[in-house]
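The structure appears below as structure tokens.
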Amino acid sequence: NKGELVDSEKYQVLLSLKQKYEGAMWDRSSYLLVLFGQFLLVGISLLMLWLFLRQYRNRILKSTTQISMILLLVVIMVFSSSIVLSLAVDWIYFIPFCISPIILKAFFDNRVALFVHLITILIIGFIMPNGFEFVFLQLIAGIISILTVLKMYKRAQLFMSVIKVIGAYLLVYIALSITHDASFSGIEGVKLLQFTISGALTIFAYPIVFLFEKIFSLVSDVSLLELTDTNSPLLRRLSDEA
């Protein structure tokens with residue numbers, strides 16, 4: 001009915017009706033046409049990413065390893081989201097989407113991290129039942145994660161960033177729930193737990209950065225700090241002899 005809220009249970013019913021309708025009314029050409037439309041949407045999003053890098057970070061486009069790493073992160077986030085959505089829609093917010101911008105910030109800068117994060121959540125938003133809310137929520141949390149992790153090598157800052165990301169998730173979710181229901185009755189404890197777990201999982205960005213360094217032979221801010229350690233034999237010898 002008009003104005004009726006679509007919760008997870010009703011969404012499953014609608015999805016079932018959609019599949020039944022597709023089986024009865026759609027033929028193979030219709031399915032391929034929808035697939036082509038989705039392909040165009042993803043292509044336009046990736047084109048925007050390419051134009052941004054070409055305009056502002058052309059050196060990244062010239063590096064095969066750097067552009068491969070960025071595309072791999074986008075593919076991992078989109079692929080994992082599509083798998084979770086196919087299994088259980090309610091589990092989508094368990095995925096730590098804020099890991100991606102934190103990892104990118106360790107190798108690049110704030111602008112690249114934010115733009116790639118935006119393109120990633122826009123692509124995922126195409127397959128989400130409540131795309132606008134998802135994009136808005138993840139964009140705010142992504143911005144918070146980028147702005148709060150100033151120095152990746154300081155573990156205390158990473159922990160503080162996790163707390164702030166969780167706070168942003170909960171605050172935006174509560175605000176959206178109040179907007180929908182005009183009361184606090186629509187706030188689900190399970191969703192609050194999901195956002196808390198998702199925010200807490202961003203702490204694993206630190207070891208993943210190390211993994212990406214080894215895979216793509218890149219250097220992050222953490223490695224650069226380790227190289228300046230004055231306890232290393234070479235720097236100690238350089239200090240003595242110079």
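The values are calculated or read from the model by the stated rules, or taken from the named source; none is laboratory data. As the structure is a computational prediction, the values presented were derived from the model and not from experiment. A quick note on method: Cβ atoms are made from the backbone with ideal geometry, for glycine too, and the neighbour counts reach across all protein chains shown. With ligands, DNA and RNA removed, areas are computed over all heavy atoms of the protein, side chains included. Shrake-Rupley method; radii C 1.70, N 1.55, O 1.52, S 1.80 Å.
Counting other Cβ atoms within 10 Å, keep those with at most 16, restrict to DSSP loop, and tell me which chymotrypsin sites (Phe, Trp or Tyr not before Pro) in the stretch 5-92 are left. Present the calculation step by step, with values, prior to reporting the outcome.
Numbers: sites: Tyr11, Tyr21, Trp26, Tyr31, Phe36, Phe39, Trp50, Phe52, Tyr56, Phe79, Trp91; in loops: Trp26.
Filter output for the stretch 5-92: Trp26.
Number of Lys pairs in the stretch 88-231 with C-alpha atoms less than 20 angstrom apart, excluding same-chain neighbours closer than eight positions?
Lysine pair count for the stretch 88-231: 7.
Hey, how many Å between the Cα centroid of the stretch 15-84 and the Cα centroid of the stretch 137-205?
That distance is 26 Å.
Give me the 1.4 Å probe accessible area per residue for the stretch 55-152, excluding ligands and nucleic acids, in Å².
Values: 4190 Å² over 98 residues.
Value for the stretch 55-152: 43 Å² per residue.
Only Lys, Arg, Asp and Glu count, each charged at its Cβ (+1, +1, -1, -1), so figure out the dipole size of the chain about its Cα centre, rounded to 20 debye. Could you put the intermediate results ahead of the total?
Working: 19 positive and 16 negative charges, 116 e Å.
For this selection, approximately 560 debye.
Chymotrypsin sites (Phe, Trp or Tyr not before Pro) within the stretch 154-242: which are DSSP loop residues with at most 15 other Cβ atoms inside 10 Å? Walk me through the numbers before you get to the answer.
On the way: sites: Phe159, Tyr169, Tyr173, Phe184, Phe195, Phe204, Phe210, Phe212, Phe216; in loops: Phe184.
Those that pass, being in a loop and sparsely packed, are Phe184.
Mind checking the stretch 117-212 for trypsin sites (Lys or Arg not before Pro) that DSSP puts in a loop (not H, G, I, E or B) and that have at most 15 other Cβ atoms within 10 Å?
Numbers: sites: Lys151, Lys154, Arg155, Lys164, Lys191; in loops: Lys151, Lys154.
The qualifying sites are Lys151, Lys154.
When the Cα atoms of the stretch 4-159 are enclosed in a convex hull and the volume is divided per residue, what value in Å³ results? List each step's numbers first, then the result.
Details: hull volume 21.1 nm³, N = 156.
Taking only Cα atoms, the stretch 4-159 has a hull volume of 135 Å³ per residue.
Sequence gap at least 6, Cα distance under 8 Å: using those rules, report the relative contact order of the chain to the nearest whole percent.
Numbers: 197 pairs, mean separation 47.6, N = 242.
Once normalised by length, the contact order is 20 percent.
Explain nothing, just the number: dipole magnitude of the stretch 164-242 about its Cα centre with +1 on each Lys and Arg Cβ and -1 on each Asp and Glu Cβ, in debye rounded to the nearest 20.
Numbers: 5 positive and 8 negative charges, 34 e Å.
Here the stretch 164-242 has a charge dipole of around 160 debye.
With all protein chains present, how much of the accessible area of the chain (probe radius 1.4 Å) comes from carbon and sulfur, to the nearest whole percent? Spell out each step's value before the answer.
Values: 9910 of 14710 Å².
Reported share for carbon and sulfur atoms: 67 percent.
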